Amino acid sequence: MIRFSHVNKFYGSYQALVDVNATVNKGEVVVVCGPSGSGKSTLIRTVNRLEPIQSGEVLFDGQNVHAGLKSAELNRLRARIGFVFQNFNLFPHLSVLENIMLSPVRVNAVKRGDASQTAMRLLDRVGLAHKAKAYPAQLSGGQQQRVAIARALAMEPPVMLFDEPTSSLDPEMVGEVLAVIRSLAADGMTMMCVTHEMNFARDVADCVWFMDAGKILEIGAPADFFSNPQHPRAQRFLSDLHVR
Amino acid sequence: MSMLSNMITIIEDNWLLLLIGQYPNGPLGGIASTLILSVLGIVLAFPLSVLIALARLSQWKVLNWPATALVYIVRGVPLLMLILWVYFLVPLLIGDSVPGFVTMLCTLVIYEGAFLSEIVRGGIIALPSGQMDAARALGHSHVGAMRYVILPQALYNMMPSILSQFVSTIKETTLGYVINVPELTFAASQLNNRLLTKPFEIFAILAIVYFIVCWSLSELANQLEQRIARQRLGDDQSGTGMLPPDAPKLQGAT
Ligand SMILES: Nc1ncnc2c1ncn2[C@@H]1O[C@H](COP(=O)(O)OP(=O)(O)OP(=O)(O)O)[C@@H](O)[C@H]1O
Ligand SMILES: [Mg+2]
């Protein structure tokens with residue numbers, strides 16, 4: 001479903017991704033982990049071209065994301081990739097319901113009535129139907145992130161990407177957001193999730209990618225990766241997190 | 001004391017002239033004309049300024065260059081010069097003489113358009129980049145993201161600055177005097193020519209009227225600014241966002 005091949009990415013002279021090769025299959029949940037600054041956000045943002053790359057290919061559903069796309073085609077492709085940010089990035093001038101309805105109505109030309117029904121169904125799913133009329137600033141961080149997930153789901157994407165969805169939350173709110181992501185995984189959603197929640201990774205991931213300094217150093221099933229990491233950097237990373 | 005009573009007499013005898021000029025026997029003038037000119041100027045300059053701002057933020061050189069040049073030139077030239085240029089150029093281009101009011105309006109639209117565009121551009125840049133990222137990630141085009149996500153927030157935050165710019169515009173309309181635009185200053189000077197002996201009283205009235213209008217509008221802008229700042233502060237404590245829950249919606253976004 002998503003394939004990185006020989007991806008290189010530079011910020012000026014600093015190389016943030018170094019010859020990245022990896023694949024996310026349909027229905028798979030991939031957790032990306034690694035120390036701060038290792039390039040996790042950069043990698044996940046290349047999937048919908050929020051970050052450009054300098055060489056290599058990123059394929060989504062067989063389509064080359066970074067070459068040969070007209071801007072309208074790129075917009076259509078992005079609409080099919082759900083993206084959830086660390087800082088939620090809800091639109092503060094719109095109510096919760098309008099946040100979720102905006103893109104189905106304006107990008108996919110869904111009728112307002114239908115979009116509103118879908119939005120209410122999704123809000124119900126993330127447990128926030130009673131907040132439909134609230135504005136983002138009136139919600140807790142955990143609630144905002146659940147709305148952000150509902151907003152992404154409203155476009156009915158076959159893939160969801162999460163960039164540290166719980167990192168800016170107070171500890172007591174992490175669980176409610178992870179529960180929503182777990183339920184998506186249970187429904188068979190294809191997902192790529194950057195996270196430091198290793199218990200979550202152990203339970204939900206089909207595959208763990210460990211990154212350091214712009215490279216994917218290790219790819220493995222969670223059981224293997226957590227109990228028996230191969231790369232010394234991965235061993236150090238895990239022992240720093242006290243998960244072993 | 002006698003100056004004050006003179007002023008009151010002058011107002012009593014000439015309030016209509018100061019209010020609407022020689023209308024209906026001549027063109028509309030006085031403070032009505034000043035306000036109409038300012039409102040039209042800022043209202044017409046506003047869409048222009050948004051376009052200039054978007055052009056300046058564009059990566060396309062064809063848009064970026066002319067817009068940047070326009071802003072730099074207009075900002076680098078005294079308004080009076082711009083008025084004289086429009087005054088002599090527009091009739092040449094149209095081949096017909098143009099009323100002073102229209103000349104002044106054109107000048108103000110260009111001038112305010114350039115200044116407002118800097119305010120609009122600042123307002124857009126000040127928004128967190130995550131807003132644009134989120135809109136693009138959902139599949140909005142650049143234009144769609146601007147229209148539904150960026151501009152409604154930026155314009156709301158900019159309302160106090162736009163109001164201040166409106167106050168400047170009111171003061172700038174006085175320069176229309178040099179090309180005989182019938183407005184408040186023009187009316188006062190007509191009055192002065194007629195009465196001859198009371199320039200202090202007349203121009204004191206003029207100053208007071210301008211001061212009351214501009215000061216109250218500036219005060220409104222301050223209040224608005226404080227309100228928005230307060231709301232933004234409350235927002236920041238909750239961790240996100242630029243706008244308060246009760247923010248008026250500038251555009252029907254969905
Ligand atoms: N816009 C940018 N310009 C220059 N360098 C950048 C930019 N964005 C990221 N970098 C650098 O690229 C590297 C990878 O950044 P990235 O944000 O992908 O790391 P990360 O693994 O997501 O880290 P974190 O866990 O802190 O989010 C870092 O060294 C960072 O300093
Ligand atoms: Mg990151």
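Can you spot a residue in segment A:168-189 that is open to solvent by less than 10 Å² (accessible area, probe 1.4 Å), within 13 Å of another protein chain (Cβ to nearest Cβ) and at pLDDT 95 or above? Looking for residues that are open to solvent by less than 10 Å² (accessible area, probe 1.4 Å), within 13 Å of another protein chain (Cβ to nearest Cβ) and at pLDDT 95 or above, one finds none in segment A:168-189, hence no. Cβ-Cβ below 9 Å, separation at least six or inter-chain, first residue in segment A:38-67 and farther than 19 Å from A:Met211 by Cβ and away from chain B (no Cβ under 14 Å), second among the acidic types (Asp, Glu) and more than 10 Å from ligand 1 (Cβ to nearest atom): which pairs? Close Cβ pairs satisfying both conditions: A:Gln63/A:Glu73; A:Asn64/A:Glu57; A:His66/A:Glu57; A:Ala67/A:Glu57. Take the conditions facing chain B (nearest Cβ under 8 Å), closer than 24 Å to A:Val29 by Cα and crowded, with 19+ Cβ neighbours inside 10 Å and apply them to A:Arg151. Does it pass? The answer is yes for A:Arg151. For A:Ser140, the conditions (1) crowded, with 22+ Cβ neighbours inside 10 Å; (2) more than 16 Å from ligand 2 (Cβ to nearest atom); (3) of a type in the set (S, T, N, Q) are fulfilled apart from (1). Residue count for segment B:121-176, restricted to those that are surrounded by fewer than 19 Cβ atoms within 10 Å (Cβ to Cβ), more than 14 Å from every other protein chain (Cβ to nearest Cβ) and under 15 Å from B:Leu54 (Cβ atoms): 2.
Of the numbered criteria (1) within 16 Å of ligand 1 (Cβ to nearest atom); (2) within 13 Å of chain B (Cβ to nearest Cβ); (3) farther than 25 Å from A:Arg202 by Cβ, the one A:Leu17 fails is (2).
The rows are residues; the columns are (1) loosely packed, with under 14 Cβ neighbours inside 10 Å; (2) over 23 Å from A:Ala185 (Cα atoms); (3) in contact with a strand residue (DSSP E or B) (Cβ under 9 Å, 6 or more places away or on another chain).
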residue: A:Tyr11; (1), (2), (3): yes, yes, no
residue: A:Thr23; (1), (2), (3): no, no, yes
residue: A:Asn48; (1), (2), (3): no, no, yes
residue: A:Ile53; (1), (2), (3): no, yes, yes
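Quick one: in segment A:32-60, which of the residues that are more than 11 Å from ligand 2 (Cβ to nearest atom) and among the hydroxyl-bearing types (Ser, Thr, Tyr) is nearest to the chain's Cα centre (by Cα)? Ranking the qualifying residues of segment A:32-60, first place goes to A:Thr46. Entry remark, segment A:190-242: residues being under 25 Å from A:Asn8 (Cβ atoms) and open to solvent by 70 Å² or more (accessible area, probe 1.4 Å) number 4 in total. Every test in (1) of a type in the set (Val, Ile, Thr); (2) at the interface with chain B (Cβ under 9 Å from one of its Cβ atoms); (3) surrounded by fewer than 21 Cβ atoms within 10 Å (Cβ to Cβ) is passed by A:Thr118 save one, and that test is (2).
Looking only at residues in segment B:212-236 that are β-branched (Val, Ile, Thr) and surrounded by 13 or more Cβ atoms within 10 Å (Cβ to Cβ), which one is modelled with the highest pLDDT? The extreme case among them is B:Val213. Of the residues making up segment A:78-114, those that are buried (at least 19 other Cβ atoms within 10 Å of the Cβ), at the interface with another protein chain (Cβ under 8 Å from one of its Cβ atoms) and assigned to a helix (DSSP H, G or I) are A:Arg78, A:Ala79, A:Glu98, A:Met101, A:Leu102, A:Ser103, A:Val105, A:Arg106. Could you please find all residues in segment A:30-47 being assigned to a helix (DSSP H, G or I), within 6 Å of ligand 1 (Cβ to nearest atom) and hydroxyl-bearing (Ser, Thr, Tyr)? Once the filter is applied, which keeps residues that are assigned to a helix (DSSP H, G or I), within 6 Å of ligand 1 (Cβ to nearest atom) and hydroxyl-bearing (Ser, Thr, Tyr), segment A:30-47 yields A:Ser41, A:Thr42.
The residue of segment A:157-172 that is farthest from ligand 1 (Cβ to nearest atom), among those that are of a type outside the set (A, V, I, L, M) and over 9 Å from A:Phe85 (Cα atoms), is A:Pro158. Restrict the check to segment A:125-132 and report whether at least one residue is within 10 Å of chain B (Cβ to nearest Cβ) and in contact (Cβ under 8 Å) with a residue 24 or more places away in the chain. No: zero hits.
The values are calculated or read from the model by the stated rules, or taken from the named source; none is laboratory data. Quick caveat, the model's predicted, so the values are computed rather than measured. Every residue, glycine among them, receives a Cβ derived from its backbone with ideal geometry; neighbour counts consider all protein chains shown. Side chains are part of the model used for accessible areas, which takes the heavy atoms of the whole protein and leaves out ligands, DNA and RNA. Shrake-Rupley method; radii C 1.70, N 1.55, O 1.52, S 1.80 Å.
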